[in-house]
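Structure first, commentary second.
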Amino acid sequence: MRGLAAVCRANRPAAFELSVENMLLQFLFVLVAILVGARMGGIGLGVMGGIGLSILVFIFGLEPTSPPVDVMLMIVAVIAAAGCMQAAGGLDLMVRQAERLLRKHPSRITLLSPLVTYLFTFVAGTGHVAYSVLPVIAEVARETKIRPERPLSIAVIASQQAITASPISAAVVALLSLLADYQITLLDILIICIPSTLVGVVLGALYSLKVGKELESDPEYLRRLEAGEFTTSTSSVQTASHSWKAAVSVGIFILATVLIVLFGSVDSIRKCGDTMLNMPVVIEILMLSAAALILLITRTDGIKAAQGSVFTAGMQAVVAIFGIAWMGDTFLHGNMAQLRESIEGVVTAMPWLFGIALFVMSILLYSQAATVRALMPLGIGLGISPWLLIAMLPAVNGYFFIPNYPTVVAAINFDRTGTTRIGKYVLNHSFMVPGLIATIAAVVTGLLLVQLLGVMH
């Protein structure tokens, strides 16, 4: 492929020499590939990245970089373990415990539900686990005569924020791999991102407490109730059989997560002879081992694990990162000199502008991990402090902005009262303000923590 790229470069016309105009034209093709891929859904984003990469390599003559193999393998290992936990009933067990908590304190559901979805995502490393608890939140809120929009909107946002704080999420491990040369550990990222995202979620929840009219005064709810569009009966999560298997699977998964944090925080225990194991290898080993132990001990069918929603969603993320990150890396590597000359001064003087760029890119990519792999190398190349990049990591949670992400759509559908909705002007939807509050607060808190800890260099 490199030889073909060299031929392309040798034979291209002089007008194709690197320039700002040429770079902008390349960026246009990259943007079109992203937009078309996002509309396709599923693996569409990833495969359209391949089209964009083809144009960059075979038309513009850029040399393709190496695909993000380590990041993809880490995600595969994590979703394999999470998929096995789901197949063993571990996810159902977590949902039952969440339901008990919410039904025990129904009047506090707007404050508790985002903490529940945050914890779910933090443990599992993917926001798709929130699907299981969203209907519980909707029903408990309705039964308590609390406007379901309030807990549902911030619960969805919390599940997204937790992705940038989970030690096993694709976004965090991708950033960790990119910052390996700066001696940044997993604990360094967690120390900044866990408190900052929690502050953002809590502030978003406090705002949500008074959103909209009370349920019994909402005209849409009253219309649906009068029309008999839903019953007022209570719901509950069915008790799964073989609960010991579910408990064991959750225990093994959590143990693997704790070990990852431990290995990522203490360099000495990663020594293997005279070499130091890097974190991607550690994560891959521990998560594959956890998946194997879950299957062996609980005697869960491995085929069932591969058919679950967690595994399916995770593999879509792998394909997305494969195509988009590879295309993004190739574009940035081929145009880094021009980018530095054009925007380095502005970004260095006002690094928070890079946070805005992360937010906008996440809106387009619908993936925190893909955004990290696509844009964080630019931040590194521009000389932005790695600690500032960590603080700005929550900015990649922007895909609530356009209300068509699966968890957003699911929350709207689960709210049978009609209070959680998309407004007349599309962008005035239930998730907009809580999402902006949580994201901005998380980034600001992260920047303050970096300053307070005195670690920036």
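Considering segment 62-120, the residues that are among the polar types (S, T, N, Q), crowded, with 24+ Cβ neighbours inside 10 Å and under 30 Å from residue 322 (Cβ atoms) include one that is modelled with the highest pLDDT, namely 117. Do you know which residues across segment 364-397 are within 19 Å of residue 127 (Cα to Cα) and surrounded by fewer than 24 Cβ atoms within 10 Å (Cβ to Cβ)? Answer for segment 364-397, where residues must be within 19 Å of residue 127 (Cα to Cα) and surrounded by fewer than 24 Cβ atoms within 10 Å (Cβ to Cβ): 364, 366.
Filtering segment 257-280 to residues that are in a helix (DSSP H, G or I), surrounded by fewer than 18 Cβ atoms within 10 Å (Cβ to Cβ) and touching a residue at least 60 places away in the same chain (Cβ under 8 Å) leaves 261, 265, 267. When the residues of segment 84-121 are filtered to those that are under 17 Å from the mean Cα position of the chain (by Cα) and in contact (Cβ under 8 Å) with a residue 60 or more places away in the chain, which remaining residue is farthest from residue 293 (Cα to Cα)? Looking at residues that are under 17 Å from the mean Cα position of the chain (by Cα) and in contact (Cβ under 8 Å) with a residue 60 or more places away in the chain, I get 114. Examine segment 63-72 for a residue that is in a helix (DSSP H, G or I), within 29 Å of residue 258 (Cα to Cα), in contact with a helix residue (DSSP H, G or I) (Cβ under 9 Å, 6 or more places away or on another chain) and charged (D, E, K, R), and state whether such a residue exists. Yes, some residue in segment 63-72 is in a helix (DSSP H, G or I), within 29 Å of residue 258 (Cα to Cα), in contact with a helix residue (DSSP H, G or I) (Cβ under 9 Å, 6 or more places away or on another chain) and charged (D, E, K, R). Within segment 411-447, restricting attention to residues that are among the β-branched types (Val, Ile, Thr) and part of a helix (DSSP H, G or I), the residue that is nearest to the chain's Cα centre (by Cα) is 439. Might you let me know whether segment 194-207 holds any residue that is aliphatic (A, V, I, L, M) and outside any helix (DSSP H, G or I)? The answer is no; no qualifying residue exists. Condition first: modelled with pLDDT of 80 or more and not β-branched (Val, Ile, Thr). Now tell me which residues in segment 36-53 satisfy that. Across segment 36-53, the qualifying residues are 37, 44, 46, 48, 49, 50, 52, 53. The lone criterion from (1) of a type in the set (Ser, Thr, Tyr); (2) within 15 Å of the chain's Cα centre (by Cα); (3) buried (at least 24 other Cβ atoms within 10 Å of the Cβ) left unmet by residue 131 is number (3). For residue 126, state whether it is closer than 30 Å to residue 299 by Cβ and assigned by TED's automatic domain parsing to the domain that holds residue 296. In short, yes.
The values are calculated or read from the model by the stated rules, or taken from the named source; none is laboratory data. Computed from a predicted model, the values in this text were never measured in an experiment. Neighbour counts run over all protein chains shown; Cβ positions are idealised from the backbone, glycine included.
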